[in-house]
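The values are calculated or read from the model by the stated rules, or taken from the named source; none is laboratory data. Small disclaimer: the values here were computed from a predicted structure and weren't measured. Positions of Cβ are backbone-derived with ideal geometry, glycine not excepted, and every protein chain shown enters the neighbour counts. Heavy atoms of the whole protein, side chains included, go into the accessibility calculation; ligands, DNA and RNA do not. Shrake-Rupley method; radii C 1.70, N 1.55, O 1.52, S 1.80 Å.
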Amino acid sequence: QVQLVESGGGLVQPGGSLRLSCAASGIMFSTYDMGWYRRAPGKQRALVARINFGHGTDYADSVKGRFTISRDNAKNTVYLQMNSLKPEDMAVYFCTAAHMFYNYWGQGTQVTVSS
């Protein structure tokens, strides 16, 4: 059974930082492309960042220079370091795992940016 379990969300003030984690099980993690998406209130789910099995990365323009995605294949975990958070970053953040015809999603973790 495939599981993606996100953690690390919460309430942070503008300008603050959070690190999200996504622990994967039931997949050969090192072969999967991993990603983070978010769904802000009233908006569709959108890509935030992704990291492929070769550690190549891709970011949404809105988070470039502020967010960093990384992975630890030994721990089957992908991370999203979020710095300089803005109110518009507030959303539910979802972890994804993709490989060929397979695509899995986590349940999401809430990030609230507010003073």
Taking the condition in a strand (DSSP E or B), open to solvent by 60 Å² or more (accessible area, probe 1.4 Å), on the phi < 0 side of the Ramachandran plot and among the hydroxyl-bearing types (Ser, Thr, Tyr), does Tyr93 pass?
-> no
Would you say Tyr59 is under 22 Å from Val113 (Cα atoms), open to solvent by 10 Å² or more (accessible area, probe 1.4 Å) and among the aromatic types (Phe, Trp, Tyr)?
-> yes
Complete set of residues in the stretch 5-16 that are open to solvent by less than 50 Å² (accessible area, probe 1.4 Å) and at positive phi = Gly8, Gly10
Scanning the stretch 21-59 for residues that are part of a strand (DSSP E or B), touching a Ser or Thr at 6+ places or on another chain (Cβ under 6 Å) and of a type outside the set (Ser, Thr, Tyr), which turns out farthest from Gln107 (Cα to Cα)?
-> Ile51
Given the conditions (1) out of contact with any Phe, Trp or Tyr (no Cβ under 8 Å at 6 or more places or on another chain); (2) closer than 15 Å to Val113 by Cα; (3) assigned to a strand (DSSP E or B), which single one is not true for Gln81?
-> (1)
If we ask which residues in the stretch 62-86 are open to solvent by 30 Å² or more (accessible area, probe 1.4 Å), touching a residue at least 40 places away in the same chain (Cβ under 8 Å) and in contact with a helix residue (DSSP H, G or I) (Cβ under 8 Å, 6 or more places away or on another chain), their number turns out to be 2
Test for Asp89: is it free of Cβ contacts under 8 Å to residues at least 12 places away in the same chain, more than 11 Å from the chain's Cα centre (by Cα) and within 17 Å of Gly8 (Cβ to Cβ) | no
Inter-residue pairs, beta-carbon under 9 Å, first at positive phi and in the stretch 100-114, second among the aromatic types (Phe, Trp, Tyr) and open to solvent by less than 40 Å² (accessible area, probe 1.4 Å), 6+ apart | Gly108/Tyr93; Gly108/Phe94
Please enumerate the residues belonging to the stretch 17-56 that are over 14 Å from the mean Cα position of the chain (by Cα), closer than 16 Å to Tyr93 by Cβ and either surrounded by 14 or more Cβ atoms within 10 Å (Cβ to Cβ) or of a type in the set (D, E, K, R) (or both).
-> Lys43
Trp36 vs (1) farther than 19 Å from Ser7 by Cβ; (2) in contact with a strand residue (DSSP E or B) (Cβ under 6 Å, 6 or more places away or on another chain): all pass except (1)
